[in-house]
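S.K.: The structure's right below; bear with me while I get my questions together.
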Amino acid sequence: MTEPSFTHRTPEGDDVARRICDTCGFVAYENPKIVVGSVVHHGGGILLCRRAIEPRRGFWTIPAGYLELNETPEEGARREAREEANAALRIDRLLSVYSVPRISQVQLIYRASLAESGFSAGPESLDVALFAFEDIPWDEIAFPSVHWALNHDREAEAGAPPVPFANPQGATGNMMPDGRRLGHGEF
């Protein structure tokens, strides 16, 4: 059996070039990735994970990652917390929905708490720790959306209405808060 051959062309009725099978006409759509994660509270602190993998190895993030097939966003957020921090979560509510078009991501971030008090570094983390908001290592945060989530969580904690936040006005995830422009391969 021969491998199918694909060419980039615009399907009839579409306005975007897609990969289309030359034999059967199958259109191989490429769609954004969905990232799920949580701002996790416990004992007055927020759980952060120091990344053991690229991109941004050694920087702090919230437990988050790609949603898997056949998984709800809440299940994915719980799984990511288990994988990165050996933590069991109790999901409170959806905190935010962020769009990062540069890397074709939609991020669903939840507010959560630890369902059990234990946690430790998983295989994708060098370290995990609880931080009071004022002690978060802001200069060592991995991604712009983590800054957004931590600050939106603070607003929610202060009584902001329980509706999901979105990207800050004009922010697309291209720049870190310190003004550094991110490349295509970086989150």
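The values are calculated or read from the model by the stated rules, or taken from the named source; none is laboratory data. Treat the numbers as computed from the prediction; the structure is a model and nothing was measured. Ideal geometry is used to build each Cβ from the backbone, glycine not excepted, and the neighbour counts take in all protein chains shown.
S.K.: Being more than 17 Å from Cys49 (Cβ to Cβ), surrounded by 14 or more Cβ atoms within 10 Å (Cβ to Cβ) and aliphatic (A, V, I, L, M), is that true of even one residue in the range 118-125?
M.R.: Within the range 118-125 (the criterion being more than 17 Å from Cys49 (Cβ to Cβ), surrounded by 14 or more Cβ atoms within 10 Å (Cβ to Cβ) and aliphatic (A, V, I, L, M)), the answer is no, since none of the residues qualifies.
Table: residues versus (1) out of contact with any Phe, Trp or Tyr (no Cβ under 6 Å at 6 or more places or on another chain); (2) in contact (Cβ under 8 Å) with a residue 40 or more places away in the chain; (3) surrounded by 15 or more Cβ atoms within 10 Å (Cβ to Cβ).
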residue: Met1; (1), (2), (3): yes, no, no
residue: Asp15; (1), (2), (3): yes, no, no
residue: Val36; (1), (2), (3): yes, yes, yes
residue: His41; (1), (2), (3): yes, yes, yes
residue: Ile46; (1), (2), (3): no, yes, yes
residue: Glu54; (1), (2), (3): yes, no, no
residue: Leu69; (1), (2), (3): yes, no, no
residue: Ser99; (1), (2), (3): yes, yes, yes
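S.K.: Among the residues of the range 137-187, count how many are closer than 28 Å to Asp127 by Cα, at pLDDT 85 or above, assigned to a loop (DSSP other than H, G, I, E, B) and of a type in the set (A, V, I, L, M).
M.R.: Of the residues in the range 137-187, 1 are closer than 28 Å to Asp127 by Cα, at pLDDT 85 or above, assigned to a loop (DSSP other than H, G, I, E, B) and of a type in the set (A, V, I, L, M).
S.K.: Moving to a separate point now. Hey, Ala81 hits all of (1) touching a Lys or Arg at 6+ places or on another chain (Cβ under 6 Å); (2) over 22 Å from Asp178 (Cα atoms); (3) crowded, with 17+ Cβ neighbours inside 10 Å but one; which does it fall short on?
M.R.: Just one mismatch for Ala81, condition (1).
S.K.: Next question. Does Asn167 count as outside the structural domain of Tyr98 (by TED's automatic domain parsing) and under 16 Å from Val35 (Cβ atoms)?
M.R.: The answer is yes for Asn167.
S.K.: Continuing with this model, one more query. Do we find that Asn86 is farther than 20 Å from Asp135 by Cβ, touching a residue at least 12 places away in the same chain (Cβ under 8 Å) and among the polar types (S, T, N, Q) in this structure?
M.R.: Yes: the conditions hold for Asn86.
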